[in-house]
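The structure under discussion appears below in the form of C-alpha cells.
FYI, it's all coordinate maths here, none of it is from the lab. As the structure is a prediction and not an experimental result, all values here were calculated from the model. Neighbour counts run over all protein chains shown; Cβ positions are idealised from the backbone, glycine included.
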Amino acid sequence: MAWQQLITDLFLRISQDLETVLEGLTVEDLNQRPRPDSNSIGWLAWHLTRSHDRNMSEIAGEEQLWIKDGWYLKFGRTPDPSETGYHHSPEEAAAFRSPDSVTVLEYHRAVVERIKGYIDSKLSETELERESHSPTLGTTQPVQARLVGVLNDAFQHVGQAAYARGLLKGRGWSDR
C-alpha cells in the first residue's frame, strides 16, 4: 500500500465515524449541548468539516467549497473563508444552529472527495515538504505538519461528538 492510501484511509475513517455519530439525530439533537459551556454535536461536525475545507483548500491553492459551492447558505452562515469555529467564544458556539444531519454529511462528503482528489493527484514526498501558508492562522508550516494537524483535530472532534451523543442518547447507539 502506498503511504498516500494510508492518509486517504484516515480521512475516510473520520468520515465513517462522523456518519455513525450523526445517524438518526434530529436537528434538535444536533443543537443540544451536553452542558451550557460545551459544544453541540452539530457545531463539532461543522467545525471539523470547515477545518478540513479551509486547511485543504489553502494547501491545494483552491477556493473553499464552503464559498464556491454555496454551503454557507445551507448552514445559514456568511461566506467568510476564515469562519470555521476556530476561536469561537462560548457564546458564538452556543448561537450556532446546525442544519439537518443530511446537509452536514453532504458537505463533509464533498470536502472529503476534494481531499481524495488532492491526495491522488498532488500529494508527493516533495509536496509534503512544501511550505504552506494559512492566512487564517497567520502561520506557515510544511504540508506534512498541516495534514497531521488536520487529522489530529478531526479525530478529537469526532470523538467529542461521539461522546456528546453518548451523553444525549445513552449506551447502545453504536455497534462498536
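Odds and ends about this structure:
- Principal axis extents of the Cα atoms in the stretch 10-107, from largest to smallest and rounded to whole angstrom, are 38, 29, 22.
- FRET efficiency estimate (nearest 0.05) - Cβ-Cβ, Arg130 to Arg35, R0 45 angstrom: 0.60
- Three semi-axes of the equivalent ellipsoid, the stretch 77-119, Cα gyration tensor, whole Å, largest first: 23, 14, 8
- Point-charge dipole on Cβ atoms (K/R +1, D/E -1) for the stretch 17-93, about Cα centre, debye to 20: 100
- Among Gly76, Thr20, Gln141 - extreme Cα towards positive end, dipole of the stretch 3-169, charges at beta-carbon: Thr20
- With Cα atoms, 0 to 90° folded angle of helix 3-22 axis to the chain main axis: 10
- log₁₀ of I(q)/I(0) at q = 0.19, 0.20 Å⁻¹ - the chain, Debye sum with one point per alpha carbon: -1.30, -1.41
- Contour minus Cα-Cα distance for Ala94 and Leu167 (0.36 nm per residue): 24.5 nm
- Summing Cβ point charges (Lys, Arg +1; Asp, Glu -1) relative to the Cα centre of the chain gives a dipole of roughly 400 debye.
- Relative contact order for the chain: 33 percent, from Cα pairs under 8 Å spaced at least 6 residues apart, divided by residue count.
- Straightening the chain between Asp80 and Asp9 buys 22.6 nm, computed as 0.36 nm per residue apart minus the Cα-Cα spacing.
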